[in-house]
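Worksheet: the structure to be examined is printed underneath.
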Amino acid sequence: MNAEPRILRTQAEDTLALEFAAARTRLPGSPSVAAAREVAFADFQKAGLPHRRTEPWRYTDLRALLRTVPPLVSERAELPAIVDPLAGLDRARLVVVDGAYRPELSDLSGIDGVTVRPLAELLREGDERIGREIATLDDAVVSLNAALMTGGVAIDVPAGAKIARAIEIAHVTTGLLQTHTRNLVTIGADASARILETHVGPADSAYQANIVTEATVGDRAKVIWAKLQLEGAAAVHLGTFSVSIGEETEFDHLTLMTGASISRSQTFLAFAGENARAGLFGATMVRGKQHADIALTVDHAVPNCASRELFKAVMDERSEGVFQGRINVRPAAQKTDGRMMTQGLLLSEDASFFVKPELEIFADDVQCAHGATSGEIDEDILFYLLSRGISRPEAETLLVTAFLAEAIEGLGDEAIGDAFEAIARDWLANRGQEAK
Amino acid sequence: MVAVQETVDQVRQIDVDQYKYGFVTDIETELAPKGLSEDIVRFISAKKNEPEWMLEWRLDAYRRWLTMTEPTWSRVHYPKIDFEDLHYYAAPKSTAGPKSLDEVDPELLATYEKLGIPLREREILAGVEGAGSRVAVDAVFDSVSVVTTFKDELKKAGVIFCSISEAIREYPEIVKKYLGSVVPVTDNFYATLNSAVFSDGSFVYVPEGVRCPMELSTYFRINERNTGQFERTLIIAEKGAYVSYLEGCTAPMRDENQLHAAVVELIALDDAEIKYSTVQNWYPGDKEGKGGIYNFVTKRGDCRGDRSKISWTQVETGSAITWKYPSCILRGDDSQGEFYSIAVSNGYQQVDSGTKMLHLGKNTKSRIISKGIAAGRSDNTYRGLVSAHRKASGARNFTNCDSLLIGDQCGAHTVPYIESKNASAVFEHEATTSKIADDQLFYCLQRGLSSEEAVALIVNGFVKDVIQQLPMEFAVEAQKLISISLEGSVG
Amino acid sequence: MLEIKNLHASIDGKEILRGVDLVVPTGEVHAIMGPNGSGKSTLSYVLAGRDGYDVTDGEIIFDGENIVETAPEERASAGVFLAFQYPLEIPGVATMTFLKAALNAQRKARGEDELTTPDFMRRVKAASEKLNVTQEMLRRPLNVGFSGGEKKRNEILQMALLEPKLAILDETDSGLDIDALRVVSEGVNALRSPDRSMLVITHYQRLLDHIVPDKVHVMSAGRIVRTGGPELALELEAKGYADYAGEPA
């Protein structure tokens, strides 16, 4: 509440400065990209790692949580054998290992018409689309990514293309590293596409993955986008997704998180054209001492758009779940219809749930609402199931699955929904067994 | 029904000048020199004949305040306040402290008469028609309490109701025990400033098992220019006690901004209940946003005892800036906190208000009903925190925040923080933002109501849940105020 | 009482009324029937002066004056009453409060004294009993949680209290079962008077079994295309609107 006390740079911040100094000349990019990296790192240094007084990060104090940072990637790793969490789901697969797109590991079949390129190439060309969607985000973690990004994948779905096969961007981290991945996805007008984003890594490594994905969705496009965060149990996941959608688009997005020791998944969605509809859904499942933070900003900048947000979080053992969501309605955005709901289910006495659902409204002819609930499994319903002979664990699994399913099914894609629900059920089946 | 009709009448009668409390009382005033220093703190303490311990307490606060800076997290914008350009003490010369009504300067009595505040104790007791209802009043004019009514009658019941200045002299042990125990000296910038220079305010002590026989109220009036008012109020309800307290606030219309930085502390012990209502109608500034009171207030209640209850009701229509979060610390098991709020902003007013419900004890319950109405070019923010600590098993909260926008130049914002560290705590929060629907308005017009009347009617419906929480006689007043505040917002 | 001359009106630039001509003499009850989308409800809103309906041509002469430019509340005070097809809900405002506010607003606008509370209560009591409107309903917020029948009875109660010169009943029968329809119709019939005109807008003939009109007009594509006696309604019941569908030439 008082003056910001002068905080000395943390060890992690010092390490990052040294890493940047050492890496700046070898990071990919045109002179303009190199200059932008310098600006971004200066921005990062000015702000430092987000801490509890950085309002959008108030429940995820990275300054306190990130004591050290592992080294930047220096050599190309072999792809370790990692179980495919979506085995059985038909999709093309673009593999990004330690922040670099690896065509030789990827499968581009069934997505004819879609252009896929390594982002590093675009960096070298100085492609101006890079950084455009995040230009107005004032976020130190995004700045850090902009300074240190090594690559990722650039996907172009041309106007009018109807791509039936889902496209997965599979992010794999191979060891104790910090990775800075940047993806750029452009979906043309009248196109339709289904994008999957997965994040995995070794279970025992405290790696730190910082992924920024920028997406632009053209007018009248239809997009389904699902993110699966299954990072290794000791990892730090910092994911940013920034998207703007054109007029009359239909955009649905789901984030499912069960992995990482510390995770933050932030989504920024801006309506760029009228009469568009966006659905944003989330399902978080954490246990042990996991900390999972979902942040969401929906910017209604133009009139006549509708957004629906439904986020569910299940916290077991000593874990912490966070949801910070904000609906902005700018003065011009008359006839906005925005509804945001977040619900937390605490399965253990020691779990915590922190929520901050905000409405910021500057137009009068709007219908906006938000709701939030926090609580445990309803004892009456549980008892009803028990009285019918269902065991307690089974009854709890049933109820928790139903709780999460509402958000997962919100995406409106049956195949992806089924695959994600299976992951949720697996998580529940392992309840009590992975306690840390 | 009557209230609505009166509201409608009220709206009709208003001409361009909406703020009817904007007059200045011409009275000789003793002012402290402008600026703040240890000497000023000593001056204030000496003026009030305070004991040494109180002076030390103030000086300690002042020294801490020097190390602090103004908070910036709320959604209010204003030019930097020059704390050296204010008078920290202003008192009508004729008044050295609370006296009997006979001795009060007639000019002051006339002021309160004009404000519609019942100080005519004898006539009320004698049942003179139109003398007002039976409410005990502490009247605070700039930095001093000028009179407190019904003291003797209250004393018979064992209730102490006097100015805080008097309490410091007369009941030092109680004051020492509780002052700063809910809002610590260094709680925040304005609370610390208040602790150093607080001028006057009310003190209420309700002994064990006593139900206070009448409503208590304080009317705050800022009269002098370039003064800050630093109200300090302390209310203690002992085990099983009950008290209902209401404060009202007005100030003259002046071009410059004036500062009001209050601290209110409530303590409820086992089974005690405190109901605290505010009708805040400080001068809001003119149509161009010039002038008006900066209202930076720290209000907090401590449900210290088991099964205790603290209920805040506020109707905020005035002030250029309102920054206040009346809160409840639900420490005792089974204790309850309530916050009912109507915040109306028009013109260039800025409101950032809400509450904190801190659930510490078991089976604690809280309820928040907030109705924000933004019109003109104002900004209206609800900011609230509901938290359950690890041991707060069985905690319950229900929050409902509705915002109504009138016109497209204003903003309404909802910023709730919900923090649960206990699985058995059940929190429910819902918020909506909308405008008065065109078809609702047309329906009323078709029945013959004017736009102003229709808006007043719909708004009165919108705020009804909160109005019902106010003591009867103030509910009518509050409805009038809301309509007046919204004058000129449609059409 | 009411004379509509060549009335043209549009919403968002789309012309809905395309030259309505209609005369309702004092004391008569006229029905307007017509297929869905013929402009019946638009006509009722335009008569009441709702925002968003642009009168592009023509006149509405009410009581000798053209009221096209008059504000809705002034029309109401002058004696125009619209019973809404979908009465609005106003949370937090007790029905009784609303009734008194409306009644007194109109009285004041006409330069009459406001009613005292006992006087007002007497009137409400008398009118509400006839319409089966209970005290409990009057205490509830306006139309909030009311059934379809309760809402319509509440509209007729308002009409009884406000004593308009011209009552426009927009699809008053919609959403009513036969018993509710009887209660509402009896309420309306009780208000028929030599000083009061009524315009009953309905899609179905069944309402006109209960409220027998002096004249029946058929509206189609934004115009009155036929006028006749009560027998016209029966004819329409038998033959349907098939003859009147489609755009006018």
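The values are calculated or read from the model by the stated rules, or taken from the named source; none is laboratory data. Given the structure is predicted, the values throughout are model-derived calculations rather than measurements. Cβ sites come from the backbone with ideal geometry, for glycine too, and all protein chains shown count toward neighbours. Calculation scope for accessible area: heavy atoms of the full protein, side chains included, ligands and nucleic acids excluded. Shrake-Rupley method; radii C 1.70, N 1.55, O 1.52, S 1.80 Å.
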Quiz prompt | Debye log10 I(q)/I(0) for the protein assembly as shown, one point scatterer per Cα, at q = 0.05, 0.06, 0.07 Å⁻¹ | solution = -0.43, -0.62, -0.82
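Using DSSP loop states and a limit of at most 16 other Cβ atoms within 10 Å to flag chymotrypsin sites (Phe, Trp or Tyr not before Pro), what is the longest stretch of chain C containing no flagged site? Each step should come with its number before you reach the end.
Details: sites that count: C:204, C:241.
Looking at chain C, C:1-203 is the longest stretch - no exposed chymotrypsin sites (Phe, Trp or Tyr not before Pro) with at most 16 other Cβ atoms within 10 Å.
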Quiz item: Where the centroid of each part is defined by its Cα atoms, how far is the range A:23-81 from the range C:19-45 in Å?
Solution: 71
Self-check item: 37 °C / 0.692 mPa s Stokes-Einstein diffusion coefficient of the range A:34-142, Kirkwood radius on C-alpha pairs, µm²/s
Solution: 187
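What are the GluC sites (Glu not before Pro) within the range B:183-260 that DSSP puts in a loop, where the Cβ has at most 12 other Cβ atoms within 10 Å?
Details: sites: B:208, B:215, B:224, B:231, B:238, B:247, B:256; in loops: B:208, B:224, B:231, B:238, B:256.
Passing sites in the range B:183-260 are B:256.
For the range B:2-485, with every protein chain kept in place, what is the accessible area per residue (1.4 Å probe, Å²)?
Values: 15980 Å² over 484 residues.
Ligands and nucleic acids excluded, the result is 33 Å² per residue.
Can you give the helix-only mean residue ellipticity at 222 nm for chain C, where every DSSP H stretch with n ≥ 4 adds -39500 (n - 2.57) and the sum goes over all residues, rounded to the nearest 500 deg cm²/dmol?
It lands at -11000 deg cm²/dmol.
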Self-check item: Accessible solvent surface per residue of the range A:11-377, calculated while the other protein chains remain in place, 1.4 angstrom probe, Å²
Solution: 33
Quiz item: By its C-alpha gyration tensor, with a ≥ b ≥ c as the square roots of the eigenvalues, how is chain A shaped: rounded for a/c under 1.5, else prolate for a/b larger than b/c, else oblate?
Solution: rounded
Quiz item: Based on the inverse mean of 1/r over its pairs of different Cα atoms, what is the Kirkwood hydrodynamic radius of chain C, in Å?
Solution: 18.6
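Run through the DSSP bridge list for the protein assembly as shown and note the antiparallel percent, rounded to the nearest 5.
Working: 58 of 336 bridges.
Among the beta bridges of the protein assembly as shown, antiparallel pairing accounts for roughly 15 percent.
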Quiz item: How much net charge surrounds residue A:312 when only other residues with a Cβ under 13 Å from its Cβ are counted (Lys, Arg +1; Asp, Glu -1)?
Solution: -4
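Could you please state how large a percent of the accessible area of the protein assembly as shown is carbon and sulfur, counting protein chains only and using a 1.4 Å probe?
Values: 21270 of 43270 Å².
Carbon and sulfur: 49 percent of the exposed surface of the protein assembly as shown.
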Quiz item: Given the C-alpha centroids of the range A:99-149 and the range A:343-358, what is the distance between them in whole angstrom?
Solution: 34
Quiz item: With r defined as the distance between the Cβ atoms of residue A:107 and residue A:392 and R0 fixed at 30 Å, what FRET efficiency is calculated, to the nearest 0.05?
Solution: 0.10
Quiz prompt | Residues whose placed amide H lies under 5 Å from that of residue B:417, excluding near-sequence neighbours | solution = B:384, B:385, B:386
Practice problem: Take the alpha carbon atoms of the range A:215-278, find their center, do the same for the range C:174-249, and report the distance between the two centers in whole angstrom. | Solution: 56
Quiz item: Across the residues of C:69-81, average count of Cβ atoms on other protein chains within 10 Å?
Solution: 4
Exercise. May I ask you to list the aspartates and glutamates whose Cα is less than 17 Å away from that of residue B:480, ignoring any residue fewer than eight positions away on the same chain?
Key: B:6, B:9, B:15, B:17, B:247, B:316, B:452, B:453, B:465
Practice problem: Apply the Karplus parameterisation 6.51 cos²θ - 1.76 cosθ + 1.60, with θ equal to phi minus 60°, to every residue of the range C:163-175 and state each ³J(HN,Hα) to the nearest whole Hz, in sequence, with x for glycine and proline. | Solution: 6, x, 7, 10, 10, 10, 10, 8, 6, 4, 7, 5, x
Quiz item: Of all DSSP beta bridges located in the range B:2-485, what percent are antiparallel, nearest 5?
Solution: 10
Quiz item: Just counting partner chain Cβ atoms within 10 Å, what average do the residues of peptide B:382-390 show around their Cβ?
Solution: 2
Quiz item: Which FRET efficiency value, to the nearest 0.05, is calculated for residue B:75 and residue A:136 with the Förster distance at 22 angstrom and r the Cβ-Cβ distance?
Solution: 0.70
Quiz item: Chain pair C, B: how much accessible area is buried, both chains summed, with a 1.4 Å probe, in Å² to 100?
Solution: 2400
Quiz item: In Å² (nearest 100), what accessible area is buried between B and A, both sides summed, heavy protein atoms only, 1.4 Å probe?
Solution: 3100
Exercise. May I ask you to derive the FRET efficiency for residue A:38 and residue A:277 from their Cβ-Cβ distance with R0 = 35 Å, giving the value to the nearest 0.05?
Key: 0.30
Quiz item: Distance in nm between label sites at residue B:173 and residue A:289, each 7 Å beyond Cα in the beta-carbon direction?
Solution: 5.0
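Could you work out the mean count of beta carbons from other protein chains within 10 Å of each residue's beta carbon in B:434-442?
Numbers: counts 7, 7, 2, 5, 4, 5, 6, 4, 11.
Mean shielding by partner chains, rounded to a whole number: 6.
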Quiz item: At what distance in nm do the modelled label points of residue A:46 and residue C:63 sit from each other, each positioned 7 Å from its Cα along Cα→Cβ?
Solution: 6.8
Exercise. Within the range A:242-273, find all residues whose amide N lies under 20 Å from a label point positioned 7 Å from the Cα of residue A:430 along Cα-to-beta-carbon.
Key: A:255-265
Quiz prompt | Where chain C is the region considered: accessible area per residue in Å², 1.4 Å probe | solution = 42
Quiz item: How big is the equivalent ellipsoid of the range B:262-345 along its three axes, where each semi-axis is √(5λ) from the Cα gyration tensor, reported in whole Å from largest to smallest?
Solution: 31, 10, 8
Quiz prompt | Threshold 30 Å² - residues in the range C:86-107 whose accessible area is reduced by that much or more when the chain is no longer isolated, probe 1.4 Å | solution = C:88, C:90, C:92, C:93, C:97, C:98, C:100, C:101, C:105
Exercise. Could you work out how far helix C:95-109 tilts from the main Cα principal axis of chain C, as a 0 to 90 degree angle to the nearest 10?
Key: 70
Quiz item: What whole-number value in cubic angstrom gives the convex hull volume per residue for the C-alpha atoms of the range B:2-485?
Solution: 137
Quiz prompt | Ranked by how many other beta carbons lie within 10 Å on average, peptides A:333-346, B:363-376 from highest | solution = B:363-376, A:333-346
